[in-house]
Each structure stands twice: as structure tokens, then as C-alpha cells.
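Peer 1: I have a structure I would like to understand better, so I am pasting it below and will then ask my questions one at a time.
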Amino acid sequence: MQRSTLVRSAIFLSTVVAAWAVLSLGSAADTPPLEVGALAPQPFFADRTEVVVDEAETERLRQEARDAVPPPRETDTEVENTVTANVRLVFDDLQILAVGEPPVGPPTSTPELPPTTTTTPADEGEAAAEPTEPAVITGVVFIDVDGDGAFNPDTGEQRVDRGLSAVSVEITTHDGTVSVVTADQGGWVFEYPGGPVVIEIDNDDPEIPRGYLVNTGNPAQLIECPAEETCQAENIGFGVNLRPITEMVDSITATHPLPEEKVLYLATVAADDVVRNALGLPLHITTIQTAAITEATLRLAGRIVPEDLQTVKANVRSTPPFVFHTDTGPDEQGGMAAAEIVATNLQANYLINQELLSELQSAAADDVDPVTVEYTEDQLIVDQNVPMTALHIAAIEQTSAPTIEEQPSSGLMAVVTVMVGLIGVYLATFRPEFWARPRMVALLGIMVVLGAGAVRGTVALEESFSWYVMPAVAFGFITAVLFDQRIGILMALAVGVLAALGTLDPGVTVYAILAALAPIPFVSAVSSRGSFRNAVILSSIVAASVAAATSWFFHVGPNDAITDVVGLSVAWAFGVSVGASLLGLAALQFFEAAFDITTTLGLLDLTDRNHKALQMLQEEAFGTFNHSLMVGTLADAAARSIGANALLARAMAYYHDLGKTENPTLFIENQFGMSNPHDDLDPEESAQVIRDHVTAGVALARQYNIPSDVAEGIVSHHGDGVMRYFYEKARRQRGDEVDIDDFRHIGHKPHTAESAILMLADSLEAACRAVFQSEEPSPDAIEKVVDRIMDEKMEDGQLSESPVTLGELSKIRRAFLDSLIGHYHQRIAYPNFPGS
């Protein structure tokens with residue numbers, strides 16, 4: 001982003017924030033805020049008739065309507081899933097915890113087969129005899145119910161040892177390992193040629209009941225069985241591995257909030273079910289679980305509301321579900337335990353649909369019409385020292401005239417932002433000459449902020465004086481002088497917007513706009529300080545007239561005397577306008593110096609022959625001084641002919657050769673009765689001397705505080721043209737090897753109409769002075785000189801960057817001719833007068 005863009009953006013933001021801050025300054029209410037229940041600090045009357053809504057009574061009725069809506073309920077299926085899952089989890093944990101942890105110890109070692117031996121037959125030529133019958137090994141795998149390590153299936157008891165079928169027995173011989181599966185009663189048989197074998201069984205075999213481990217101490221055994229014999233392997237028995245009941249109770253009660261006695265019973269049942277499962281008997285814990293889940297499902301099916309949850313839980317505990325085991329009959333304790341688990345985990349599932357209830361309540365509240373109270377103008381709302389209600393405060397706020405304190409600060413910021421933004425858009429689009437100068441943009445921003453300050457001051461003084469103490473005239477006056485008439489009109493509109501924001505009074509807004517516009521036509525015609533003073537008086541008279549009209553229309557009440565209101569407004573408007581304009585006139589000099597602005601007043605000072613720089617020019621370089629005066633006359637006439645700034649053109653002409661005071665005798669117009677020093681200088685040295693008068697002039701312009709608009713004439717009055725005389729002289733001396741750029745002036749081509757006129761007038765005056773020293777200055781001769789000079793500048797491209805059109809050049813040519821013919825007019829030859 002370019003630096004100038006950043007600068008303008010910073011100016012924009014600073015102007016917005018500063019104007020907003022100034023308008024917001026002191027906007028807080030002087031009186032404390034009104035509060036419900038507080039005593040009224042004064043009697044309050046309605047300023048106008050308004051219908052006020054009694055929000056408190058309206059809300060009370062609406063709340064009654066909301067409360068009257070019956071709550072809609074729905075069955076929450078997720079609750080049923082959660083309850084049954086929690087009930088099932090208790091029984092799952094019981095069954096998992098019933099089995100104890102495997103014993104910790106060194107792993108059981110597996111016996112190793114002894115090495116094989118080779119027997120040599122007695123007669124090597126005779127083959128060894130082979131056995132006719134194999135060796136047979138038998139064994140039993142069983143559930144050791146009584147834990148004695150012996151297989152006793154026929155004791156006559158209800159729970160007896162039982163053989164385990166389908167269990168794999170791993171038998172390893174020297175020829176490899178084979179699996180033998182146990183039969184229905186747990187028995188197994190293995191036939192082989194004979195010899196040592198290792199018999200093993202795996203505790204993790206899926207056919208071994210959950211919770212059982214080998215308790216006979218022989219999960220692996222080594223047997224030597226000869227051929228043709230039957231050997232009996234040791235029976236392998238599995239005993240139950242149960243967790244201690246106390247550990248089960250502690251673990252369950254830690255995770256489930258259940259009574260200890262109920263958990264103790266269920267833990268005993270779960271432990272017994274480990275044995276029952278191994279014996280193929282019905283599981284009691286499963287029966288209790290089924291009864292509990294059925295009870296929970298039935299209770300939830302009856303739709304439990306939150307208010308009835310505790311009653312339902314008590315009913316579950318008092319009427320537990322019926323538990324019946326197919327092998328042992330009814331189980332009262334199991335039913336009570338199931339009831340406790342259900343009651344503990346039961347939740348309400350018939351719940352209020354809060355979203356639907358909110359919609360129904362909102363609809364019911366919307367059907368209630370607001371309760372309103374009408375207050376008429378001048379009606380007493382609340383008397384002093386009476387406790388205030390919300391209705392009183394609402395009536396006071398709604399029936400009172402609006403004030404600036406009541407306006408939103410963010411809205412004020414928004415309007416100020418839009419206003420300043422539009423000013424910037426206008427400058428960038430229609431006045432690029434100002435937009436390109438950040439100083440001018442900053443100055444306009446300062447004027448906007450000062451306008452906001454004037455409005456804020458008017459608000460503070462209005463109650464004691466009048467709205468018409470607003471110094472609107474001064475802003476139109478100063479802006480039109482510092483910028484021009486169109487920017488003055490733009491400033492008048494801005495002052496009107498600021499007045500509207502700061503006062504909320506349409507009459508003050510109208511006055512601010514019209515009063516700020518008043519001085520613009522008068523300022524545009526001034527050409528002297530007396531004219532400025534006249535413009536101040538005339539602008540103040542117009543402002544007083546505007547004040548009379550606006551105060552009569554906007555501020556005269558039905559009980560007011562017209563003459564009193566209008567007379568006071570006129571007096572304040574006229575007096576403040578005169579005072580503020582004179583103060584602004586005094587401030588103009590500060591703004592000119594601080595922002596490098598060339599105003600009409602400044603130009604009048606610059607064209608005053610008593611200016612220090614002009615006096616110095618007259619004393620140091622009298623010929624240049626006279627040349628500059630003549631150039632000023634020509635430039636003034638030409639500028640007027642095309643509507644350019646004649647005063648600026650004249651001032652530029654007066655100071656364009658200020659640098660010649662550094663070495664005045666090196667310039668022809670100051671060489672009185674002396675030889676030309678350039679005759680003894682090289683052409684390049686002469687060119688450098690001529691070139692230096694531009695840089696010296698710029699330095700002197702800074703020294704004498706000459707504005708940059710006027711100093712522009714110093715830089716551009718020769719453009720970058722060639723010093724033809726010295727260039728040709730160099731060519732005569734050295735031929736074509738001379739570089740023409742060594743003989744160019746160091747300035748730049750004119751960029752404005754005034755600087756283009758100055759270039760033409762300067763060259764024209766010098767040419768006429770040179771030509772008409774030896775020739776008769778007839779009109780035809782003057783016209784030829786004018787045509788030649790203007791054609792040369794055009795052909796050299798010196799006017800290519802100026803805004804002057806061909807039509808305007810024709811007018812400038814005519815103005816030059818008229819001025820020069822008037823200057824070289826025919827004179828009467830007096831008798832006996834020298835030279836006549």
C-alpha cells in the first residue's frame with residue numbers, strides 16, 4: 001500500500017474518532033438514572049400524548065398464560081434401555097466376579113520322554129519278532145465335585161463327580177503327538193506299539209467348565225506301557241475355583257449402590273451357579289436376572305413420571321417379582337434382591353417435552369394483548385417522592401422529548417463514518433488536486449472536528465443563551481478561503497450533519513447549513529482585505545436573516561412571544577457570526593503557514609510591494625525586479641482571460657526570478673553600463689550560472705516562507721527547455737560534440753495553468769525587451785514576437801503537461817497582445833525634448 005494511501009487512511013480514522021468523541025463528550029445524563037422502587041426526584045409530566053405499555057402487568061398476565069399450559073409428555077425409550085442395561089450389568093458383574101483368579105506360581109513342568117534304546121538281535125541274519133498286540137492306555141477326565149481328587153460318580157449324592165466329554169487329551173510318543181477326545185463319561189483310550197508316553201491336558205480347553213482348574217496335581221504325566229499290556233493313567237480331576245464371597249460383596253457394593261445383604265445373597269447364588277453350570281443344572285442367577293428385567297420392563301411400560309418415581313420404587317420393593325427355579329421351586333430372597341436392583345436403577349421415562357412446552361407457552365403468551373395506559377400531554381405521571389414503578393419510568397421515557405443522551409453511541413459513530421467517508425469519496429473523485437495532498441485532507445479533517453466541537457459547545461451553551469450561538473458562518477468562511485467555493489459548500493453540509501447529530505433539532509440543522517453557505521458567494525469575489533471585512537459583515541447579516549426565519553418556524557412555541565424569540569436569535573446569530581468570522585480571519589494565517597496553503601489573503605500579502613522578498617529583489621537586482629513586475633502584469637491579464645487564478649499568476653511572476661539576487665550582474669537585465677561577464681565564460685559555465693538561479697530561488701522562497709504554490713513558478717518558469725544562446729555558442733566553439741542536455745534548465749514543465757502562463761509571459765517579456773531595443777514596437781511586430789515565442793514553447797513540448805487547451809491558448813495570446821500593445825503605445829514627441 002502506498003504511503004499516501006496509508007496517511008489518508010489514518011487521517012480518515014482520526015477524523016471519525018475525534019468527531020465522534022467530541023460529539024459524545026458530556027453526553028451522559030446529569031441526573032441519576034431512574035430506578036424501580038426509588039423515590040421520584042421531581043414531579044414528572046408528559047411532554048406529549050402517548051400510549052404506554054404496562055410491561056409489568058403485561059408480563060404478569062403472560063406468565064399466568066404460560067403457567068396454565070399443561071406440560072406435554074412423551075415416553076423416553078432411551079431411559080428403558082438405560083435401566084435394563086444397568087440391571088443386566090449387576091448380574092453380569094456377579095457372574096464374572098464369582099470365578100476366582102488363577103493361582104499364581106511357577107508353571108507346571110512337562111515330563112520329558114526318555115531317550116530311545118536300540119536292541120541287536122541274537123542272529124543278525126534273523127529278523128526281530130514283532131509284538132502281535134499293541135499297548136493300551138486308559139484314563140478319565142472328570143469334574144471333582146467333592147474336591148477329594150478321586151473319581152466317585154456313584155456315591156448316591158445329588159451332586160456327584162461327573163466325567164467330562166469332548167475334552168482333548170494330548171499324548172506324546174517318540175513318534176509324535178496325537179489328540180484323544182474323551183467319551184461321554186470322561187473316559188479315553190489310546191493304543192500304540194508301547195513304550196513311554198507323556199499325557200497332558202490344557203486348562204483352556206473350551207469343554208472345561210468356566211471356573212474349573214485341575215485339582216489332582218497331574219495335568220501332565222509320564223507313563224511307560226509295554227506292548228500287549230493295558231495301562232491305567234492317573235485320572236485328571238477339575239475342581240471349582242471360586243472367589244471369596246466377601247471380595248464379591250465388596251466389589252459389587254463399590255460399583256452398585258445396593259444393600260449389602262442383598263448382594264451377599266446374590267453373590268452366594270452366583271458362586272453356586274459356577275458348580276451348577278459344570279453339572280448341567282439350571283442356573284439360578286439367570287432366573288433372578290430374568291425376573292428383574294421383566295419387572296423393570298413392566299414398570300417402565302406403565303410410564304413413570306418424575307413426581308411418581310419414588311412411589312413406584314417403594315411399590316417395587318414392597319411387591320417383589322416372583323422368582324421360581326425349575327429344580328428348587330420359589331425363591332423369595334431372589335425376588336427381593338431382584339426388586340432392590342430394579343428399584344435402585346429405575347428412572348422416570350414419561351418426561352416433559354421441554355422444547356414443545358416452550359413453544360406452547362410462547363404461543364399462549366403471545367395471545368395475551370399488551371396492557372396499555374394512555375398519558376395525555378401535561379398529565380402528571382408520578383409526583384415527587386413517590387416510589388416509581390416500571391410503568392412510571394416507561395411513561396417518562398416515552399412521553400419526553402428525545403435528547404442527544406438517548407441516542408446510541410454506535411449509531412453516532414456510524415453516521416460520522418459515513419459522512420467523513422463521503423467527503424473523502426468526493427475529494428478523490430471530483431477534487432483530485434486536494435486529494436493528492438495529504439496536508440489538505442488533514443486540514444479538512446481538522447475542520448470537521450472543529451465543527452463537531454462547535455456543535456458540542458452550542459449544546460452546552462444553549463440552555464443559558466440560545467441555539468444561535470453556533471458559529472456556522474466561520475466554517476463556511478474559512479473553508480472557502482483555504483480551499484475553494486465547492487469545498488466550502490461541502491463543509492456547510494458537513495456542519496449541518498454534525499448539528500443534526502449533536503442537537504437533534506431540525507431548526508438548528510437548517511440554520512447551520514444555510515449560515516455556513518452564507519459567506520461563500522461573498523468570499524469568492526474578494527480581491528483585497530477590505531473586501532474580506534465586507535464579506536464578514538454581509539455574511540453575518542445573511543446568517544441573522546436565516547436565524548430569524550428558522551427560529552420563527554421551529555422555535556416559537558404557542559405561548560412564546562415571536563418578537564422575543566426571533567429578536568434574541570437574530571442578535572446572537574449576528575454577533576457570534578461577526579466575532580467567529582473575525583477570529584477565523586485571524587486564524588487563516590496560522591493555517592496557511594502550518595499546512596502550506598496559498599489563500600487569497602496570502603497572495604495579497606505576497607503581491608504587496610512592501611514584502612521583504614520583493615524589497616530585497618528591488619535592492620539587489622533592480623532590472624530583474626522591473627522584469628518581474630512586467631511579467632506579473634502579463635500573467636495577470638492572461639490568467640483573467642481564461643478564468644485562472646490571476647492573483648496567483650501575478651505572485652508567481654513576482655518571485656519567479658528571486659534566485660537572480662545571488663549573482664544579479666550575471667543576468668543581462670541587471671548589467672547597467674558594464675560588459676557582459678558571460679563573454680569571458682565558457683558556455684557550460686554560463687549555463688550553470690543561469691541554471692543555479694532556480695535552485696537559489698527555491699532556497700530563498702523557503703527562507704521568506706513563500707508558499708509552495710507560488711514557489712512552483714520558480715521551478716517551472718523555464719521548464720526543462722534548452723538555453724539556446726549558450727548551446728549555439730558551444731556548438732560554434734566545439735562543433736556537434738556538444739551534449740544538448742548540458743544546456744537544459746533544471747526545472748520541470750508547468751503542471752498548472754498559472755505556471756504555464758508564467759512561462760509564456762516570462763519568455764515573451766524578455767524577447768520583447770531584446771527585440772524592441774532596436775526595432776519599432778509596432779502592433780504587427782509585437783504580434784510576430786508573441787506568435788514566435790508561443791510557437792517555440794509548444795513545439796518544444798513545454799506545455800505538454802499543463803491543462804491549458806488550444807482554445808485557452810488563443811485567449812492567452814490575445815491578452816498578451818493587448819497588454820504589450822498597451823505597454824509599447826506610441827508617445828507624443830515633445831518639442832526641444834531630448835531624443836525628439
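The values are calculated or read from the model by the stated rules, or taken from the named source; none is laboratory data. Remember, it's a predicted structure, so these values are computed and weren't measured experimentally. Quick reminder, even Gly has a Cβ in these numbers, built from the backbone with ideal geometry, and neighbours come from all protein chains shown. Side chains included, ligands, DNA and RNA excluded: accessible areas come from the protein's heavy atoms. Shrake-Rupley method; radii C 1.70, N 1.55, O 1.52, S 1.80 Å.
Peer 1: Quick check for me: using +1 on Lys/Arg Cβ and -1 on Asp/Glu Cβ, what's the dipole size of the stretch 658-803 about its Cα centre, in debye to the nearest 20?
Peer 2: 280
Peer 1: A further question on this structure: Can you give the convex hull volume per residue for the Cα atoms of the stretch 180-311, as a whole number of Å³?
Peer 2: Hull volume over Cα atoms, normalised by residue count, gives 144 Å³.
Peer 1: If you check each cysteine of the chain for another cysteine whose beta-carbon is under 4.7 Å away, which ones come up empty?
Peer 2: Cys768
Peer 1: Among His555, His751, what's the order by accessible area (1.4 angstrom probe), most exposed first?
Peer 2: In descending accessible area the options line up as His751, His555.
Peer 1: Treating the stretch 160-237 as a set of equal point scatterers at the Cα positions, no solvent, please give the Debye-formula log₁₀ I(q)/I(0) at q = 0.17 Å⁻¹.
Peer 2: -0.67
Peer 1: Pick the calculated Kirkwood radius over Cα pairs in Å for this structure from (1) 38.1; (2) 30.9; (3) 40.7?
Peer 2: Entry (3).
Peer 1: What percent do you get for the relative contact order of the chain when only Cα pairs under 8 Å and 6+ apart count?
Peer 2: The value is 12 percent.
Peer 1: Accessible area of Thr600, 1.4 Å probe, to the nearest 10 Å²?
Peer 2: Approximately 50 Å² of Thr600 is accessible to the 1.4 Å probe.
Peer 1: Here's something else I'd like to know. Express the carbon and sulfur contribution to the solvent-accessible surface of the stretch 296-427 as a percent, rounded to the nearest whole number, probe 1.4 angstrom.
Peer 2: Carbon and sulfur: 55 percent of the exposed surface of the stretch 296-427.
Peer 1: Here is a follow-up. Which is farthest toward the positive dipole end of the stretch 565-655 among Ala580, Ala653, Leu614, measuring Cα position about the Cα centre, with Cβ charges +1 (Lys, Arg) and -1 (Asp, Glu)?
Peer 2: Looking along the dipole axis, the top candidate is Ala580.
Peer 1: Over its Cα atoms, what ratio of radius of gyration to 2.2 N^0.38 Å does the stretch 121-266 give?
Peer 2: Compared with the compact-globule rule of thumb, the stretch 121-266 sits at 1.50.
Peer 1: How much solvent-accessible surface does Ile478 expose, in Å² to the nearest 10, with a 1.4 Å probe and all protein chains in place?
Peer 2: 20
Peer 1: Continuing with this model, one more query. How would Thr172, Thr255, Thr389 rank on accessible area, largest to smallest, probe 1.4 Å?
Peer 2: In descending accessible area the options line up as Thr255, Thr389, Thr172.
Peer 1: Just add up the charged neighbours of Val631: K/R +1, D/E -1, any other residue whose Cβ is under 10 Å from the Cβ of Val631.
Peer 2: -3
Peer 1: Which percent of the accessible heavy-atom area of the stretch 539-638 goes to carbon and sulfur, probe 1.4 angstrom?
Peer 2: 62
Peer 1: Next question. Could you list, in their original order, any pairs among Lys784/Lys811; Lys749/Lys784; Lys262/Lys313 whose Cα atoms are separated by more than 19 Å?
Peer 2: Cα-Cα > 19 Å for Lys749/Lys784; rest within.
Peer 1: If you roll a 1.4 Å probe over the heavy atoms of the protein chains, what accessible area per residue do you get for the chain, in Å²?
Peer 2: 51
Peer 1: Right, something else. Mind checking which of Gly186, Met759, Tyr824 is farthest towards the positive end of the chain's charge dipole, using Cβ charges of +1 (Lys, Arg) and -1 (Asp, Glu) about the Cα centre?
Peer 2: Tyr824
Peer 1: When a/c is below 1.5 the answer is rounded, else prolate if a/b is larger than b/c, else oblate, so apply that to the stretch 464-596 with a ≥ b ≥ c taken from the square roots of the Cα gyration tensor eigenvalues.
Peer 2: prolate
Peer 1: Among Ile293, Gly211, Gly195, pick out the residue whose Cα is farthest towards the positive end of the charge dipole of the stretch 194-301, where Lys and Arg carry +1 and Asp and Glu carry -1 on C-beta, about the Cα centre.
Peer 2: Result: Ile293.
Peer 1: If you place +1 on the Cβ of every Lys and Arg, -1 on the Cβ of every Asp and Glu, and leave all else neutral, what size is the dipole of the stretch 270-382 about its Cα centre, to the nearest 20 Debye?
Peer 2: 1120
Peer 1: Normalised by the empirical 2.2 N^0.38 Å for globular proteins, what value does the Cα Rg of the stretch 338-386 take?
Peer 2: The reported ratio for this selection is 2.66.
Peer 1: Next question. Can you give the charge dipole size of the chain about its Cα centre, rounded to the nearest 20 debye, using +1 on the beta carbon of Lys and Arg and -1 on the beta carbon of Asp and Glu?
Peer 2: Computed charge dipole of the chain: roughly 8220 debye.
Peer 1: Continuing with this model, one more query. Ordering Ile352, Ile690 by accessible area with a probe of 1.4 Å, largest first, what comes out?
Peer 2: Accessible-area ranking of Ile352, Ile690, largest first: Ile352, Ile690.
Peer 1: Taking a ≥ b ≥ c as the square roots of the eigenvalues of the Cα gyration tensor of the stretch 412-471, is the shape rounded (a/c under 1.5), prolate (a/b larger than b/c) or oblate?
Peer 2: Verdict is prolate for the stretch 412-471.
Peer 1: Looking at the stretch 36-116, which GluC sites (Glu not before Pro) are DSSP coil and have at most 11 other C-beta atoms within 10 Å of their C-beta?
Peer 2: Of the GluC sites (Glu not before Pro), the ones in loops of the stretch 36-116 whose Cβ has at most 11 other Cβ atoms within 10 Å are Glu112.
Peer 1: A further question on this structure: Sketch the reach of a paramagnetic label on Ala593 as a point 7 Å from Cα along Cα-to-Cβ, and name the residues of the stretch 706-736 whose backbone nitrogen lies under 20 Å away.
Peer 2: Answer for the stretch 706-736: 706-711.
Peer 1: A further question follows. Determine how large the accessible area of Glu377 is when every protein chain is in place; take a 1.4 Å probe and give Å² rounded to the nearest 10.
Peer 2: 110
Peer 1: Moving to a separate point now. Please work out whether the stretch 326-444 counts as rounded, prolate or oblate from its C-alpha gyration tensor, where a ≥ b ≥ c are the square roots of the eigenvalues and a/c under 1.5 means rounded, while otherwise a/b larger than b/c means prolate and anything else oblate?
Peer 2: Since a/c reaches 1.5 but b/c is at least a/b, the shape of the stretch 326-444 is classed as oblate.
Peer 1: Over the chain, what is the percentage of antiparallel beta bridges among all DSSP beta bridges, to the nearest 5?
Peer 2: Among the beta bridges of the chain, antiparallel pairing accounts for roughly 85 percent.
Peer 1: Write out the GluC sites (Glu not before Pro) in the stretch 433-487 meeting two conditions: DSSP loop, and at most 14 other Cβ atoms within 10 Å of their Cβ.
Peer 2: Glu463
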